[in-house]
Structures are given as C-alpha cells and as structure tokens.
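What follows is one structure encoded as structure tokens, with my remarks underneath.
Every number in this text was worked out from the coordinates using simple rules, so none of it is lab data. Because the structure is predicted, anything quoted here is derived from the model rather than measured. Reconstructed Cβ throughout: ideal geometry from the backbone, glycine too, with neighbour counts over all protein chains shown.
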Amino acid sequence: MSPFSAGSPFSSGASNTAALRARDADRVETCAVLDAAHVDGQLDDSEHARRVSSAMAATTFGELHRLLTDLQIPANLSRATVLRPARPNHRARLIAAAVTVVVAFGIGALAGSITNAVSSFSAVVGSVSSSSSGADWTSPTGIENFLGAYRHEFGDLIADEVLLFPEHASIERASADLRTTNDYLYRGDFREWGSPSSRSVDAPSVDLAELDLPQIIGTVLGAPATLGAPEALISQIRFEYDDRSSDPQPIVRIYVEDEQAQLTGHMTVAFNGEVLTLYPAD
C-alpha cells in the first residue's frame, strides 16, 4: 500500500472554506505537512523555509491550501483538517489542534477535547518508533519522535534537563534514588555517557507530558520571525525547570541562529506556551 493518499486531497468544495479564518492549530497542521514533504524530498531547504514562513503568516484556509496543492500528502496526514474541504465544526477543530503533531506517526485519532487529548499524550506516544536516522530533532516531527522514543526507553517523560539540537539530543535524568544524575546522548538511540554526578534529592525535574505540544510546536515554528530573524534556523530547544525566577516553573528555551547574517536570539515560554521573555536576534 502506498504511503501517500490517492489523488489530490483538494476538491472544488475547498472553495467553500477558502475565506474561513485560519487558527493557530491550522497553521501548525499545515507546517506538519510541509515538514513531512521536506523530509521525503519534495521540498528543498529554502522552499520548505519559505512555505513554513508563509503558513505561519496565513490568515485564511485559502492561503494554507495554496501552500499544499502541489504536494503528495502522506496517507497518515490526509485527514488533517486543513486538507478537508468541508467546513470544520468546533469540536473537530479542537481535536485537530491536539493531534496535529502526532498524526504523522499513525497514532490515530484522539477523542475528546484538546485538554483530554493532550493529557492522553503520554499514554499513546510510547508507540512511536525510536529509530529515526537523519531526523532534525528540533523540527515538529523530530520533537514528536524524540518524545515517543524517550517514553519508550524510560517509561515516562521526566527529566532534569533536555536539550534538542538538529542532529542530536542531550538528556540529564535522575537515578531511581534521586541522588545522582545520569547523562544520555540521543541520536536515534539512547547512550549513557560520562559519570553520574551528585544531585540533591529535592532538585526539581520537569515532566514533558505536561507540555501543551501544539502550542509549543507552533511557537517553535514561528520563533525565527518572532525574534526578528525570519531566515534563521532553530539551533537549540531546552526544557528545564527555572527555579531562579520570581515564578519558578518548567520552561522551554528556544534558540535561533542565522549563520549568514550572524544573528542569534532566543525566547522563553512556559509549558502552556505562554511567552515569558524575548531576546530578539542581534
């Protein structure tokens, strides 16, 4: 069976929704399709970056449709809301927002509201394969694949710190007795490296199952433009507990870099996607 859907997912009925206002969930969904097209070679780096930028700036379904009409759509993404001509109802759009970044792995439809779907993430993400050679771990699919592999390897999504880079990930995870920290390197599989270091038993960890994943991935995709460097690439995503601020909480730090323009910047967001700090590229 072909991994791509037969024929075009677009029909004349799509014109019925061309003027429908696009939501963040629709933009993220479109970027997931573009990311898949980039991975399988349909889009080169520059075209992928251009279309993702256009998707994040799109205001209507019609604008999003135009970014996808010449692409072969993987079968496991063909039911994405943004590809369907019928006007989506409110309930369907809530579900789509929650499953946008997991549907590419064939996990299947998640029932219930976005809150229930996101809270169910840790229960279903373990079915994702841990082998993904050549993946960009800072991309939507790379983030999803890493989380699935981590859940599969350790049985949960708890860590002291996780750093995602395009080519690998670095993890600090507490030992079972919470008295030491073990370091792991991930390039499709987890390898322990270095020696365990001492750790306070009450040192805070983060639970990546608590991430509002659609919000976080949408923020990651828009980070270069948000930070004033639209041609920049994501250089690092860091998940950690910020216990130095006046409001201690788990945070995500997103770093961008434009090597050609010699620009770097970063932003900090809460696990629910709320922007906490911005450091524009300079």
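Here are the numbers:
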| quantity | calculated |
| --- | --- |
| Inter-site label distance for Asp207 and Ala225 at 7 Å from Cα along Cβ, in nm | 3.4 |
| Under-5 Å amide H pairs with Ile73, H placed in peptide plane, nonlocal only | Ser5 |
| Distant-in-sequence amide H partners of Gln236 (H built 1.01 Å from N, under 5 Å) | Tyr255 |
| Order by protection proxy (mean Cβ within 10 Å, highest first), peptides 37-46, 241-250, 265-274 | 265-274, 37-46, 241-250 |
| Net length gained if the chain between Asp70 and Asp44 were fully extended (0.36 nm per residue, minus Cα distance) | 8.0 nm |
| Hz values of 3J(HN,Hα) by residue in segment 200-217 - Karplus curve (6.51, -1.76, 1.60), Gly and Pro given as x | 5, 5, 9, 5, x, 10, 10, 10, 5, 5, 8, 5, 7, 4, x, 5, 5, 5 |
| Euclidean distance of C-alpha centroids, segment 201-233 and segment 133-170, integer Å | 13 |
| Phi to ³J(HN,Hα) by Karplus 6.51 cos²θ - 1.76 cosθ + 1.60 over segment 139-152, Hz, x for Gly, Pro | 7, x, 5, x, 4, 4, 5, 4, 4, x, 5, 5, 4, 5 |
| Descending semi-axes in Å of segment 125-224, equivalent ellipsoid built from Cα gyration tensor | 23, 15, 13 |
| Distance between modelled label sites at Ser175 and Ser197, nm, 7 Å Cα→Cβ extension | 1.5 |
| Protection proxy ranking, peptides 185-194, 66-75, 139-148, average beta carbon neighbours within 10 Å, highest first | 139-148, 66-75, 185-194 |
| Full-extension gain in nm, Asp156 to Asp243, via 0.36 nm per residue minus C-alpha separation | 29.1 nm |
| Computed label-point distance, nm, for sites Leu185 and Gln262 using a 7 Å Cα→Cβ extension | 3.1 |
